[in-house]
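Asker: What follows is a structure written as structure tokens; I'll ask about it next.
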Amino acid sequence: MGVDELARLRLANKAVNLFGEKEAQTLMEHLPLGGIANLATKDDLFLTKAELRADFEILRADFGMLRAEFQELRADFEQLRADFERLRADFERLRADVAESMRRQTITLITVMTTINAVMFAGLKWG
């Protein structure tokens, strides 16, 4: 059972009567609020320390797995970057091929139209 504030106050008054103001204050500052039930023992600290170590080991393992997963993601992203660079180069070649094809088709079309015009003009001239 914890010590309530009324019990602490009574003890403080009694301590002042027995020891004096300064000594009573020193005594009360060293008594835990709520009684000794809230005090931790060395065994409590040892168990807490063991639990914390176990938790840290779990965290360390989790971080190790995360590190491995991030390395895999990094490799995947590097592969994607390389794939996109290849696609970019392929599109540039395709663009150049289409431009060259359009140039040739335009020249061919102009040549054919010029030839047809020349034949028509010659036919009109001789006809």
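Asker: Considering the stretch 49-102 alone, what residues qualify as being of a type in the set (S, T, N, Q) and either within 17 Å of the chain's Cα centre (by Cα) or modelled with pLDDT under 95 (or both)?
Answerer: Once the filter is applied, which keeps residues that are of a type in the set (S, T, N, Q) and either within 17 Å of the chain's Cα centre (by Cα) or modelled with pLDDT under 95 (or both), the stretch 49-102 yields only GLN71.
Asker: Can you pull out the residues in the stretch 14-52 that are assigned to a helix (DSSP H, G or I) and in contact with a Lys or Arg (Cβ under 8 Å, 6 or more places away or on another chain)?
Answerer: Residue satisfying the conditions is MET28 alone.
Asker: Of everything in the stretch 5-48 that's of a type in the set (Ser, Thr, Tyr) and surrounded by 10 or more Cβ atoms within 10 Å (Cβ to Cβ), which residue is farthest from the chain's Cα centre (by Cα)?
Answerer: THR26
Asker: Now, a different point. Do we find a residue being exposed (fewer than 10 other Cβ atoms within 10 Å of the Cβ) and in a helix (DSSP H, G or I) anywhere in the stretch 107-119?
Answerer: There is no residue in the stretch 107-119 that is exposed (fewer than 10 other Cβ atoms within 10 Å of the Cβ) and in a helix (DSSP H, G or I).
The values are calculated or read from the model by the stated rules, or taken from the named source; none is laboratory data. Just so you know, these numbers come straight off a predicted model, no measurement behind them. Quick reminder, even Gly has a Cβ in these numbers, built from the backbone with ideal geometry, and neighbours come from all protein chains shown.
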